[in-house]
1. Give the relative contact order (percent, whole number) for region 302-425; include only Cα pairs under 8 Å separated by 6+ residues.
2. Could you point to the residue in I302, N334, T264 farthest towards the positive end of region 208-343's charge dipole, with +1 and -1 charges on the Cβ of Lys/Arg and Asp/Glu respectively?
3. Using +1 on the beta carbon of Lys and Arg, -1 on that of Asp and Glu, and nothing else charged, what's the dipole of region 334-425 about the Cα centre, debye to 20?
4. With all distinct Cα pairs included, what does the Kirkwood hydrodynamic radius of region 1-84 come out to in Å, to one decimal, could you say?
5. Can you send over the carbon and sulfur percentage of the accessible area for the chain, probe radius 1.4 Å, protein chains only?
6. Taking Rg and Dmax of the Cα atoms in Å straight from the coordinates, which label in (i) 25.2, 73; (ii) 20.9, 63; (iii) 22.7, 90 is the correct one?
7. Rg to Rh for region 289-333: what is it, with Cα atoms only and Rh by Kirkwood?
8. Could you tell me which of C320, H286, S357 has its Cα farthest along the dipole of region 254-359 towards the positive end, charges placed at Cβ (Lys, Arg +1; Asp, Glu -1), taken about the Cα centre?
Amino acid sequence: MNEKLMIPCLYLLKGQAVTGWGQKNIFDSGDVEKLARFYSDHGADELLVLDFSSGDQEHEEAIGKIKEICAAAEVPVIGAGNVKRMEDVKKLLYAGCAKAVLNFSKQSNIDIIEEVSKKFGKDKIVVSISELSEFTDNQKLIEEYACEVLALDNMQEDIGAISTIPVILHINQGNEEDTMESLKNVDGISGAYVSRLDVELMEFKEKCKAKGIPVKVYESKIPWSEFKLNSDGMVPVIVQDYKTDEVLMLAYMNEEAYNVTLKTGKMTYWSRSRNELWMKGLTSGHFQYVKSLTIDCDKDTILAKVDQIGAACHTGNRSCFFNELMKKEYDDTNPLRVFQDVYDVILDRKVHPKEGSYTNYLFDKGIDKILKKVGEECTEIVIAAKNPDKEEIKYEISDFLYHVMVLMAEKDVTWEEITRELARR
């Protein structure tokens, strides 16, 4: 049986988060990036974003915000609202949404489903329905060109009786018990309850699991009983930033700390000095949200990759490892670090021009000159590729990448955005 998805809904109005379907009250601080990050860090499996904008200008601004939401969320984002034509679907997907929603109460959305599905892929298209007839009248079309249905009312049993298409139920009201009951007959749930900031989704998932409802929770593939413990009955944990692989700290876990980490999704250790359980960030706010846990070949050391909020070290440093003892000079050839370092130099030239700098010459000449150089360098790669000398093509590709990075800096595109887009593909 497939795991049921928890999908909080973020309603977007004039660049801020609001609460309720059609209501205009600011939700929490209204900060959509903060809210998206909160949901992804606290157990959301996906995030539904509904754009309440009206008019093309406001819609364009909303697309910019959705792009920021997708960057912050770190879970798949479903984009909905204000879709009128294929271009709107394209904008949502290019902003980073994993899926776009077509509202089948609008004939214009029914008319474009085949076209957008064939262009972007069936797995990118969701159909929302507010009454059963919108499904039954278009069932063949929906099943052929959409990957799932977003039901805005309790129609899941009626749809399930005639179709096997996955159904996500959006409900505006509901408490824990009602939501759990609704989950039994759908593939995922969105709306009021799972969007509340006071609901710990990881705890709710544990309750669902106890009731026999399959949900996505953290489970260890190797039992604690197989770990090789030190004399204190603990295992050392090396903690790394999941994006950069920077080593942040070293701490220790006993079985209780390990189980709490799995249950909450937040790194929890055993404090040897205080002789008590210690959830990192509980007092400082510098939580570590688990991305992966791996044990070494001897099963006596855990490697944790985390999303670190703020500083890992009590001194305020990002990492506890900042006191250099010795260092031999070497070339760091880690591709992403090299790209980022070069890009940072280019950005610095843009902000702090340097006389005689070729990079500043390109910035001064403007976008047309930069584009001309990118085109020329691209042609040089093609020519070099016809030459059997490998050195020449390496040189030309390096030249091309440098000029592309100048273009990136000019257009305010970062390597993180590029790598996120590549990973998404």
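1. 20 percent
2. Value computed over the given set: T264.
3. My answer is approximately 220 debye.
4. Hydrodynamic radius (Kirkwood, Cα only) of region 1-84 equals 12.8 Å.
5. 50 percent
6. Of the listed options (i) 25.2, 73; (ii) 20.9, 63; (iii) 22.7, 90, (i) comes from this structure.
7. Rg/Rh: 1.07.
8. It is H286.
The values are calculated or read from the model by the stated rules, or taken from the named source; none is laboratory data. Computed from a predicted structure; not experimentally measured. With ideal geometry, Cβ positions are generated from the backbone for all residues, glycine too; neighbour counts draw on all protein chains shown. Areas reflect the complete protein model, heavy atoms only, side chains present, ligands, DNA and RNA absent. Shrake-Rupley method; radii C 1.70, N 1.55, O 1.52, S 1.80 Å.
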